[in-house]
Amino acid sequence: MEWTRPEPSPWPARATALVVALLVTAPVLAPGFVLLRDMVFVPRQDLDLDALGLGGTLPRAVPVDSVMALVTTVVPGDLVQKAVLFGTVLAAVLGAARLVPAGPDGRRGLAGAVAGLVYGWSPYLAERLLIGHWTLLLAYAALPWIARSALHVREGRPDALARLILVCAPAALTPTGSLLAVGVVVVLVGRPRLLAAGGAVLALSLPWIVGGFLHPSGGASDPAGVAAFAARAEGWGGTLVSLLGTGGIWNGGAVPASRDNVLLPVLTLLLLALAVTGWAGRAARTGPGGRLVLLGLAGLVLALAGSLPGVRDVLEFAVEEVPGAGLLRDGQKWVAWWALPLAVGAGLGARRLAGAARSRNGETAAGLVAAAAVVLPIVALPDLVWGVGGRLEPVAYPADWQRVRDALAADDGPGDLLVLPFGAYRAFGWNADRPQLDPAPRWLPRPAVVDDELVVGGRPVRGEDARARTVAAAAGDVDELADLGIGFVLVERGTPGRPVPAAVTGLPLVVDGADLDLYRVPGARPAPSPSPGRVTVVVLVHACALGTIVGAVLSATTLPSTVTLRRRSPRKRVPE
């Protein structure tokens, strides 16, 4: 099958991707910020120690926080968010449509449209939007492009490795994204070129690898997170059927309402049958197709691991004892690997069934089959439209946030910022009481001490920031706060949480606002800071990752012209 054959007419796929992206993200494009669970964008983010992975928590947002700090110095954060969310949906649909092997006429047509919709109009995308995992969705959208570029590397195209690095860069913004990209590269790039391709992805991943290695916790996580973040069933079909349809996220609050549809398991099995039909042909199963299916099955196994007794025990042991194994706790995210063969198989199945209907009953029958295949993913998830049923609604930050930022920027005194009430998530009235991560660590120009413990279904999942726990225990003693290097205390109003100690409200008031109060802690000592050697190492690995991208850009822009000159030479031709 011709996986990498250029599309004679790419505009139908581009138009489909554009329409889907507009239908999904239209409300996001209104003024303001979408602040929902883990999705927290701010007008301006600073390049501080936390952004580099030198803070108290494990570097889960490395290097994305440092990238956002650089980008928001030029582009306001709300515009960055709109571009990211719109571009993510567009890239997911278009990438999957282009990944489908070309038909006998060289076009992808129906197969591309169905694959794009199955991949881009999916429960995975909807649920990760609702939980706010936009960086994971960047990786998800990049996977089809990574797969296609890996096949180009396998073929030996001169500029293919450079282009593979560039499409891997969005995925490498987070640890999970890097691992998702590595899986696709390993199964598709081929053994002769695996070392070069794997080394390039490794260079992009160095910031979070080195940051995790240098973290005081050693990279270990709380094993309680395995059960807390295990995949869950949506409907009567059970967990496996939910995962087969790319759903099953652990957080029930991040599930679209249509996932309770009594027909959902039936629709999921119909989609699975369509994909099986596509992969049933011998040509589809061999070569890259077979390896892609195996990768998808591996993703399903990882997704199920936290839900299976016995296997869960092994995973809990690994999470507690093996550095970095905490990345396996949220099992459903690995369904991203399964979404690739599901989408491609559905596209191939639609082409195969439409062709059979055409040969037996004519164009009308083929059109009906094509329409049914296109509509199937939409019927299975009708409320993805308009920001997942209107749940992605932009809001404006209250003016107090900018006042606090300005006050902290103008004060050169020592000490970090303690944020109260002590808790990881907020539910502000000005954001319609939606659960959201505290924006203080990203917006305010001073390291913020916040709670990194999560409570999932009544079960606490311990964080990794030992200093945060120590500071929280001392919140009622201002002298001890000063000794611990806390120079300011920010009290956020209008959100649930523990009562603020009376000793804090007696401190000198710097900002007295309707939404925020900022207090100064007199006599604060300088906050603890990482050693210069540790900072130097982290900066160097970030520079290495950036240098890898710059080198790829230069290679991608110079090699094509060389190839063109060689093709014009009558003495030697370079194969496609």
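The values are calculated or read from the model by the stated rules, or taken from the named source; none is laboratory data. Note that the structure is predicted; figures quoted are calculated from it, not measured. FYI the Cβ positions are ideal-geometry reconstructions off the backbone, even for glycines, and counts take in every protein chain you see. Side chains included, ligands, DNA and RNA excluded: accessible areas come from the protein's heavy atoms. Shrake-Rupley method; radii C 1.70, N 1.55, O 1.52, S 1.80 Å.
With helices as the sole contributors, the chain gives -17500 deg cm²/dmol at 222 nm; each DSSP H run of n ≥ 4 counts as -39500 (n - 2.57), and the sum is divided by every residue. Treating the angle as unsigned and between 0 and 90°, give the value, to the nearest 10°, between the Cα long axis of helix 77-99 and the longest Cα principal axis of the chain. Orientation of helix 77-99: about 20 degrees from the principal axis.
Each residue of the range 23-30 was assigned a 3J(HN,Hα) from its phi angle through the Karplus curve 6.51 cos²θ - 1.76 cosθ + 1.60 (θ = phi - 60°); the sequence is 5, 7, 10, 3, x, 5, 6, 6 Hz, with glycine and proline shown as x. Against the longest alpha carbon principal axis of the chain, how many degrees, from 0 to 90 and to the nearest 10, is the axis of helix 264-279 turned? Once rounded, one gets 50 degrees. Relative to the longest principal axis of the Cα atoms of the chain, the long axis of helix 363-380 makes an angle of roughly 10 degrees.
Taken along the Cα-to-beta-carbon direction at a fixed 7 Å, the label points for residue 529 and residue 263 span 6.3 nm.
Length gain on complete extension for the stretch residue 509 to residue 26, per 0.36 nm per residue less the alpha carbon to alpha carbon distance?
Working: separation 483, 0.36 × 483 = 173.88 nm, distance 4.16 nm.
Computed gain between residue 509 and residue 26 is 169.7 nm.
The string of couplings for the range 32-44 from the Karplus curve (6.51, -1.76, 1.60, θ = phi - 60°) is x, 10, 8, 10, 9, 6, 7, 8, 10, 9, 10, x, 8 Hz, one whole number per residue in order, with x for Gly and Pro.
How high is the relative contact order of the chain? Use alpha-carbon pairs under 8 Å, at least six apart in sequence, and give a whole percent. Please report the intermediate quantities before stating the final value.
On the way: 1107 pairs, mean separation 109.5, N = 576.
Reported as a whole number, the value is 19 percent.
Between residue 213 and residue 155, the distance separating the two model label sites (each 7 Å from Cα on the Cα→Cβ line) works out to 3.7 nm.
Sorting the segments 334-345, 477-488 by their mean number of nearby beta carbons within 10 angstrom, highest to lowest, gives 334-345, 477-488. Placing pseudo-labels 7 Å out from each Cα toward the beta carbon at residue 47 and residue 313 gives an inter-label distance of 5.0 nm.
Converting phi to 3J(HN,Hα) with the Karplus coefficients 6.51, -1.76 and 1.60 and the offset θ = phi - 60°, the range 247-253 yields x, x, 4, 5, 8, x, x Hz in sequence order, with x at every glycine or proline.
Per residue, how large is the accessible surface of the range 298-400? Use a 1.4 angstrom probe and give square angstrom. Write out the running numbers ahead of the final one.
On the way: 4370 Å² over 103 residues.
Accessible area per residue: 42 Å².
Once you keep just the Cα pairs under 8 angstrom separated by 6 or more residues, what percentage relative contact order results for the range 358-492? Computed over the range 358-492, the figure is 24 percent.
Add +1 for every Lys or Arg and -1 for every Asp or Glu among the other residues with Cβ under 14 Å from the Cβ of residue 343, and state the total. Walk me through the numbers on the way to the answer.
On the way: positive: 98, 108, 148, 351; negative: none.
Its environment carries a net charge of +4.
Under a 5 Å amide H cut-off, with hydrogens placed 1.01 Å from N, residue 416 pairs with 486, 487, 488, 527 among residues at least 5 apart or on other chains.
Can you give the charge dipole size of the chain about its Cα centre, rounded to the nearest 20 debye, using +1 on the beta carbon of Lys and Arg and -1 on the beta carbon of Asp and Glu? Let's see the in-between values first.
Numbers: 50 positive and 44 negative charges, 739 e Å.
For this selection, approximately 3540 debye.
Taking amide hydrogens as placed 1.01 Å from N in the peptide plane, the amide H of residue 454 sits under 5 Å from those of 461, 463, each at least 5 positions away in sequence or on another chain.
Rolling a 1.4 Å sphere over the protein heavy atoms, what is the accessible area per residue of the range 1-121, to the nearest Å²?
Numbers: 4340 Å² over 121 residues.
With the other protein chains kept in place, the range 1-121 gives 36 Å² per residue.
Would you be so kind as to identify which of 258, 59, 164 lies farthest towards the positive end of the dipole of the chain, taking Lys and Arg as +1 and Asp and Glu as -1 on Cβ and the Cα centre as origin? It is 164.
In Å², and per residue, what accessible area does the range 436-569 have when probed at 1.4 Å with the other protein chains present? Walk me through the numbers on the way to the answer.
Numbers: 6630 Å² over 134 residues.
With all protein chains present, the range 436-569 gives 49 Å² per residue.
Can you figure out the FRET efficiency of residue 359 with residue 195, using R₀ = 35 Å and their beta-carbon distance, to the nearest 0.05? The partial results should precede the final answer.
On the way: r = 46 Å, r/R0 = 1.33.
After rounding to 0.05, the efficiency reads 0.15.
Solvent-accessible area assigned to carbon and sulfur over the range 250-381 amounts to 69 percent, based on a 1.4 Å probe.
Ordering 3-9, 131-137 by mean Cβ neighbour count within 10 Å, with the highest value first, yields 131-137, 3-9.
Highest mean first, what order results for 398-411, 195-208 on Cβ atoms within 10 Å?
On the way: 398-411: 16.6, 195-208: 20.2.
So the order, starting with the most tightly packed, is 195-208, 398-411.
Here's how it looks for residue 395: its modeled amide H is under 5 Å from those of 33, 34, 35, which are all 5 or more places away or on a different chain.
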